[in-house]
Amino acid sequence: MLFRQAEISGARTITLPRHHDERGSFGRIFDRERFADNGISCNFVQASISRTSYAGTLRGLHFQRFPHAEAKLVHCLRGEMYDVICDLRPDSPTYLKHQSFYLNCSDNEMIFIPPGCAHGFMTLSDDVEVLYAMSDIYAPDHAMGLRFDDPVLGISWPRPVAHISTRDLEWPKYKDSKHHDRIK
Ligand SMILES: Cc1cn([C@H]2C[C@H](O)[C@@H](COP(=O)(O)OP(=O)(O)O[C@H]3O[C@@H](C)C(=O)[C@@H](O)[C@H]3O)O2)c(=O)[nH]c1=O
């Protein structure tokens, strides 16, 4: 596993080792000791897969509030996507900055997102599958979001939004959100 510090404080890009043979390949996505060696001490308590049918679909921006703020490990299993993390931690050197990543199913990359960041992605192909591991339980009462086009965040999405949930359209902008000091 190759860990690289991302621009957002505490975030990492992680390249999976792939062991290839005539049958295909094998790669570990989580190794507690290797993560700890690289400054990531969280435990993952659940993992999920999302499937998205069409290119141009946007999911996000999502996070869970205190006390269920969660770290996420994100890996694209199928297709291509544009992944974005936004730092919402007022005490972070990268507060309100965002970073984006092009992920696809053949590049062996994962993104580690620290607690206190919002996350979203746009699909760039049809049939996109994303694997997540999360460091906290799913706590729907603590699920929060921000508008994908919030000018304070200033995210430049690579194509127009073709599909988005009603819920994601109804998230507030950061300046209207009541949870600034309860993110962590
Ligand atoms: C996130 C989640 C959703 N669900 C359910 C709730 C709902 O019925 C259905 C779809 O949920 P959502 O609309 O929240 O799915 P989605 O918009 O794909 O939410 C995801 O977006 C990306 C950007 C993330 O970062 C993820 O952590 C997660 O928030 O799945 C769970 O049962 N467990 C979970 O952990």
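Quickly run through the stretch 45-68 and pick out the residues that are in contact with a helix residue (DSSP H, G or I) (Cβ under 9 Å, 6 or more places away or on another chain) and more than 12 Å from the ligand (Cβ to nearest atom). Correct list: ARG65, PHE66, PRO67.
Run down ILE137, ILE164 and say which single residue is within 11 Å of the ligand (Cβ to nearest atom) and more than 20 Å from CYS76 (Cα to Cα).
Residue meeting the stated conditions: ILE137.
Give the residues of the stretch 106-134 that are farther than 16 Å from ARG59 by Cβ and within 11 Å of the ligand (Cβ to nearest atom), sorted by residue number. Let's see the steps before the verdict.
To start, the set of residues in the stretch 106-134 that are farther than 16 Å from ARG59 by Cβ comprises 106-110, 112, 114-116, 133.
Within the stretch 106-134, just ALA133 meets the criteria.
Which residues, counting only those in the stretch 95-118, are farther than 29 Å from HIS19 by Cβ, in contact with a strand residue (DSSP E or B) (Cβ under 8 Å, 6 or more places away or on another chain) and not small (Gly, Ala, Ser)? Please lay out each step first, then the result.
Just the residues of the stretch 95-118 that are farther than 29 Å from HIS19 by Cβ, to begin with: 95-100, 115-118.
If we keep only those that are in contact with a strand residue (DSSP E or B) (Cβ under 8 Å, 6 or more places away or on another chain) as well, we get 95-100, 116-118.
Answer for the stretch 95-118, where residues must be farther than 29 Å from HIS19 by Cβ, in contact with a strand residue (DSSP E or B) (Cβ under 8 Å, 6 or more places away or on another chain) and not small (Gly, Ala, Ser): TYR95, LEU96, LYS97, HIS98, GLN99, CYS117.
Cβ-Cβ contacts under 6 Å between residues 6 or more apart (or on different chains), taken from a first residue in the stretch 39-67 that is touching a residue at least 60 places away in the same chain (Cβ under 8 Å) to a second residue that is assigned to a strand (DSSP E or B) and hydroxyl-bearing (Ser, Thr, Tyr), are listed as SER48/TYR132; THR52/THR123; ALA55/THR123; THR57/THR123.
Looking only at residues in the stretch 12-29 that are at pLDDT 95 or above and assigned to a loop (DSSP other than H, G, I, E, B), the one that is surrounded by the most Cβ atoms within 10 Å (Cβ to Cβ) is ARG23. For the stretch 85-105, how many residues are farther than 17 Å from ASP168 by Cβ and either assigned to a loop (DSSP other than H, G, I, E, B) or within 10 Å of the ligand (Cβ to nearest atom) (or both)? Summing the residues that are farther than 17 Å from ASP168 by Cβ and either assigned to a loop (DSSP other than H, G, I, E, B) or within 10 Å of the ligand (Cβ to nearest atom) (or both) in the stretch 85-105 gives 10. Checking each residue in the stretch 50-84 for being part of a loop (DSSP other than H, G, I, E, B), hydrophobic (A, V, I, L, M, F, W, C) and at pLDDT 95 or above picks out ALA55, ALA69, ALA71.
In the stretch 30-76, which residue that is among the acidic types (Asp, Glu) and surrounded by fewer than 21 Cβ atoms within 10 Å (Cβ to Cβ) is nearest to the chain's Cα centre (by Cα)? Lay out the reasoning, then the answer.
First pass over the stretch 30-76, keeping only residues among the acidic types (Asp, Glu): 31, 33, 37, 70.
From the residues that got through so far, the ones that are surrounded by fewer than 21 Cβ atoms within 10 Å (Cβ to Cβ) too are 31, 33, 37.
Details: ASP31: 19, GLU33: 22, ASP37: 22 Å.
Per the stated criteria, the residue is ASP31.
What about SER9, is it at negative phi, at pLDDT 95 or above and part of a loop (DSSP other than H, G, I, E, B)? Judged against the criteria, SER9 is a match.
Has the stretch 168-182 got at least one residue that is at pLDDT 95 or above and in contact with a helix residue (DSSP H, G or I) (Cβ under 6 Å, 6 or more places away or on another chain)? No, the conditions are met nowhere in the stretch 168-182.
The values are calculated or read from the model by the stated rules, or taken from the named source; none is laboratory data. These figures come from a predicted structure and were not determined experimentally. FYI the Cβ positions are ideal-geometry reconstructions off the backbone, even for glycines, and counts take in every protein chain you see.
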